[in-house]
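Chemist: The structure follows.
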Amino acid sequence: MTKSREIPTEGAKKAGYHIDPLGVIFVIFPFNFPFSTPFRVIIPTLVAGNGVVIRPAGITGKIGQAMSDLFKDAGLDQAEILFSNHDDTEHIIAHPAVQGFHFTGSTGAGKNLAALCGKHLKRTVMELGGNDAYIVLADADLDFAVDKAVASRLRNCGQVCTSAKRIIVHQGLYEQFAAKLKAKVEAMKQGNPMEKDTEIGPLCKEAAAKQVFEQIQKTLASGDTLLFGGEEPKGAYLKPTAVKVNDHKKSYAAQEEVFGPLFTLTTFNTEEEAIELANDCVYGLGGTIITKDTDKGEKLSRLVQAGSVFVNNPVTSFSNLPSGGVKHSGWGRDCGQAGVEAFANIKTYFIAK
């Protein structure tokens, strides 16, 4: 992956580019996948020859310590866990040894951190918020579409950047889809995540559940119709909720990220309208299209403004495929060759004949 790339060039005996390391890369991760997500960045960044300093989320300190122990046991001294305060962030970014910064988190925090990196001229990769569209075409298998939507949206109790947040379903399927969604979700058990039969756990903390509940109230106030749920949280437990979006441009949840178990359902009549709705959002992290016609799904996927678009499978990450966003969902890529080159000096070479 880090071999030099040779590119045939006029007048050159040899030409192309080398992949050289930049230096130390400072990485900040969120709480929702505190062990698996970091390695999507750590491994490609190390493969490029860099060192990595990683700050875990404040509420996942024990995971950070476990990672630190793992690095030491493996004899890996190129990666180090750093427990620091938010007040220390600019000092770390400004350090001359630090040549790049990777952040996974909210768009609001990303804007502030990107400004710091701009001030100190440090390369960045930002994976920020998402409000992913999940398009259900007229020919879709309803049970399949509902099952995949639920699996995506309620994974980790909805605390996933790329979950199916905006369900955009063909008008002819809407009533059946909504009924099946309600029946499936209300039959699921919510409770202690350590119990084997639990299907939906709590949010990360009580404050998060309260915030999502407040966002649900905002989306109802913006004109959306409650389909089911909408109850106040009990501690960190919040029951899944679904709303029908009546005006996509005015709907709070259709335009803002809700990091919790809220489904929004919007209807469309034509495929052109579906794509227009999917793109009517400042975010562009991922998107999904459900259809029996995979050729059509592939063509439509090219029209969705997102970093990843999957057909007949909710968006997820693969170590060999680039992952990232566009618009307010950030820039740069993790995973695969793109992840290796994200924090590398792509050094062009030219050897004259």
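Chemist: Looking only at the stretch 165-181, count every residue that is surrounded by fewer than 17 Cβ atoms within 10 Å (Cβ to Cβ) and within 23 Å of GLU257 (Cα to Cα) and tell me the total.
Modeler: Final tally of qualifying residues: 0.
Chemist: Now for a separate question. Are any of the residues in the stretch 135-143 touching a strand residue (DSSP E or B) at 6+ places or on another chain (Cβ under 6 Å), assigned by TED's automatic domain parsing to the domain that holds PHE39 and of a type in the set (Gly, Ala, Ser)?
Modeler: Checking the stretch 135-143: not a single residue is touching a strand residue (DSSP E or B) at 6+ places or on another chain (Cβ under 6 Å), assigned by TED's automatic domain parsing to the domain that holds PHE39 and of a type in the set (Gly, Ala, Ser).
Chemist: Right, another one. Scan the stretch 263-283 for residues that are of a type outside the set (S, T, N, Q) and in a strand (DSSP E or B) and jot them down.
Modeler: PHE263, LEU265, PHE268, TYR283
Chemist: Which one of the conditions (1) part of a loop (DSSP other than H, G, I, E, B); (2) surrounded by 21 or more Cβ atoms within 10 Å (Cβ to Cβ) does GLN305 fail to meet, given that it meets all the rest?
Modeler: Failed condition: (2).
Chemist: Scanning for something under 24 Å from the mean Cα position of the chain (by Cα), crowded, with 19+ Cβ neighbours inside 10 Å and either at pLDDT 95 or above or part of a loop (DSSP other than H, G, I, E, B) (or both), does the stretch 65-72 turn up at least one residue?
Modeler: No: zero hits.
Chemist: If you don't mind, another one. Filter the stretch 109-145 for residues that are free of Cβ contacts under 8 Å to residues at least 60 places away in the same chain, outside any loop (DSSP other than H, G, I, E, B) and closer than 28 Å to GLU175 by Cβ and give the result.
Modeler: If the condition is that a residue be free of Cβ contacts under 8 Å to residues at least 60 places away in the same chain, outside any loop (DSSP other than H, G, I, E, B) and closer than 28 Å to GLU175 by Cβ, then LEU142, ASP143 are the ones that fit.
Chemist: Can I ask one more? Of all residues in the stretch 91-108, which are crowded, with 16+ Cβ neighbours inside 10 Å and in a helix (DSSP H, G or I)?
Modeler: Result: ILE92, ILE93, THR107.
Chemist: For the stretch 205-239, which positions are loosely packed, with under 14 Cβ neighbours inside 10 Å, charged (D, E, K, R) and under 19 Å from GLU186 (Cβ atoms)?
Modeler: GLU231, GLU232, LYS234
Chemist: Would you mind listing the helices (runs of 4 or more DSSP H) fully within the stretch 166-261 where at least 2 residues are in contact with a Lys or Arg (Cβ under 8 Å, 6 or more places away or on another chain)?
Modeler: Output list reads 252-255.
Chemist: For the stretch 1-40, enumerate the residues that are crowded, with 19+ Cβ neighbours inside 10 Å and among the basic types (Lys, Arg).
Modeler: ARG40, the sole residue that qualifies.
Chemist: Please pick out the residue among ILE19, ILE42, ILE25 that is among the β-branched types (Val, Ile, Thr) and assigned to a helix (DSSP H, G or I).
Modeler: Just one listed residue meets the conditions, ILE42.
The values are calculated or read from the model by the stated rules, or taken from the named source; none is laboratory data. For clarity, every value in this text was computed on a predicted model and none was experimentally measured. Note that each Cβ is placed from the backbone with ideal geometry, even for glycine, and that neighbours are counted across all protein chains shown.
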